[in-house]
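Working notes, beginning with the structure itself.
Please treat every number below as a calculation from the coordinates, not as lab data. It should be emphasised that the depicted structure is a prediction, and the values quoted were computed from it without experimental measurement. Don't worry about glycine lacking a Cβ; one is built from the backbone with ideal geometry, like all the others, and counts go over all protein chains shown.
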C-alpha cells in the first residue's frame, strides 16, 4: 500500500471545504499513514490506510462515553486512486508518550491507564472478534478467538518459509502451547465481553501535566475479556523491566482467584502471539526478550 502525503491532505481539504497545512508525518507503515495537519485554527490528525475502518468503529463507540480517546471529526472512503482505503480525521491530543516519562511518573500513569481501560467494559458484546467482523455478524466465541490467536502464532513460529536468524526455543514453545490448549479445553463459558484496545502499550498512551490525555491507535480493537487488554499492558511493562509500574499493575489487576488465573493465561497467550509477530518481522531484540518472559511465566506455572 502506497499513500502519498500531499494527495491525502489535498483530498481531505476538499472534503472538509478548507485548506489544510501540513505539519508532520507521525507514522508511515505498511498498512497505514498518520499525518498532523492544521486547518488554520487547530491541529488535526489524518489517518489513512487498510485498518482505519476499525479505528472508525471504535472511536464512534468511545466518543459516546467519557473515555480518554481522540475525538472523531470525519470519516471518508477513498476511491480507487487511493487503493480503496479509508481515512479518518481526529482532533490532535496534547502530550507525550507515556514511555518517555521517568519511572515514578510512568507508574502513576499506568494506574490511570488501568482505570481508563475499566471504562471500556461499558461497551459490551455477545460475541468476540475484530470490530469490523463483529459488525458484519462474523464474530465468534471468546474461546475460539483465543484458539485462533494461538494457532496463527504457532504456525508463524514453525513456518520454514519465514526462517530467520532468530533462535526459537521449540521445547519452550511446545510446552507453552500444550499448557494453553489444556487450559482452554476447560475454559468457562459466560465471560463478559467488551471493547478492547488490543495493543495497549505506553507508546499508545499520551500524557500531559501528569494526566492521561488519551489512548490512541485503535486499529487492532476487538471484543473480548477485559483482562486480555490488561495482559498486553503487563507484557509491555515486563519487556521494559519497569518494576515499579508492574507493582502498581499487580496491585490493581486480578482481584479474585478466577481473574488472576485468566490474566495469567492471557499473559502467556500474549507472549506467544508476539513471538510470532517478532519472528515475522525478524525483530531479534524483542523476540529474545519475549522468549525470556515466556520461560519465566512457564516456571511460575509449575
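Segment 113-171 to segment 271-297: how many Å between their Cα centroids?
Going from one Cα centre to the other spans 15 Å.
If you rank 199, 137, 229 by fewest surrounding Cβ atoms within 10 Å, what's the result?
Going from least to most buried by this count: 137, 199, 229.
Using Cβ counts within 10 Å as a stand-in for footprinting exposure, how do 251, 197 rank, fewest first?
Ascending number of Cβ neighbours within 10 Å: 251, 197.
Working out 0.36 nm times the residue gap between residue 21 and residue 209, then minus their Cα-Cα distance, what length gain in nm do you get to one decimal?
Extending this stretch completely gives an extra 64.9 nm.
Taking N as the number of residues in the chain, what is its alpha-carbon radius of gyration divided by 2.2 N^0.38 Å?
Output field value: 1.03.
Quick one: among 286, 142, 218, which has the greatest mean-square fluctuation in a GNM of the chain with alpha-carbon springs under 10 angstrom?
For the chain, modelled as a Gaussian network with Cα springs under 10 Å, the answer is 286.
On a full-extension model of 0.36 nm per residue, what is the gain between residue 42 and residue 299, subtracting their alpha-carbon distance, rounded to one decimal in nm?
That works out to 87.3 nm of additional length.
Which number comes out as Rg/Rh for segment 4-136 once both Rg and the Kirkwood Rh are worked out on C-alpha atoms?
Values: Rg = 16.5 Å, Rh = 16.5 Å.
Ratio of gyration radius to Kirkwood radius for segment 4-136: 1.00.
If you take the Cα atoms of segment 1-79, find Rg, then find the Kirkwood Rh from the mean of 1/r over all pairs, what is Rg/Rh?
Reported Rg/Rh, Kirkwood definition of Rh: 0.95.
Give the separation of the Cα centroids, segment 191-218 to segment 1-37, in Å.
24 Å
Give the calculated FRET efficiency between residue 138 and residue 255 to the nearest 0.05, with a Förster radius of 51 Å applied to their Cβ-Cβ distance.
After rounding, the FRET efficiency stands at 0.95.
Taking 0.36 nm per residue of sequence separation and subtracting the Cα-Cα distance, how much length would be gained by fully extending the chain between residue 282 and residue 184, in nm to one decimal?
32.4 nm
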